[in-house]
1. Under a point spin-label approximation (7 Å from Cα along Cα-to-Cβ), what is the PHE49-PHE6 distance to one decimal in nm?
2. Hey, quick one: spin label on ALA61, modelled 7 Å out along Cα-Cβ, who in region 8-46 has an amide N within reach, i.e. under 14 Å?
Amino acid sequence: MVKGNFPESCSLEATSATDLPEEKLTDLSVAWENVLPRTKLQHTRATFFENEILDAGPGFAFALQHLFRMAASVVACLCTLA
């Protein structure tokens with residue numbers, strides 16, 4: 001049995017929509033590109049996705065990370081990319 005509270009999997013999307021204010025990024029018309037498909041995580045290991053993010057290429061203004069616990073998305077984290 002696994003103890004603790006950790007995400008079962010994660011995914012990452014990004015957009016190059018630089019001309020939008022952050023509060024508009026949840027609008028369904030914003031085009032998000034799948035950078036990292038839903039990927040299983042382990043509870044005892046830090047997992048890095050540097051190569052997958054670099055392979056997606058430059059030009060993204062915002063990233064949206066989804067953390068999943070079981071079947072539902074429990075956290076969505078929006079960050080600005082510099």
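1. That separation, rounded to one decimal, is 1.7 nm.
2. Flagged as within label range: 14-27, 29-33.
Every number in this text was worked out from the coordinates using simple rules, so none of it is lab data. Only a predicted model underlies this, so the values are computations on that prediction, with no experimental measurement involved. Because the Cβ atoms are built from the backbone with ideal geometry, glycine has one as well, and the counts that use them run over all protein chains shown.
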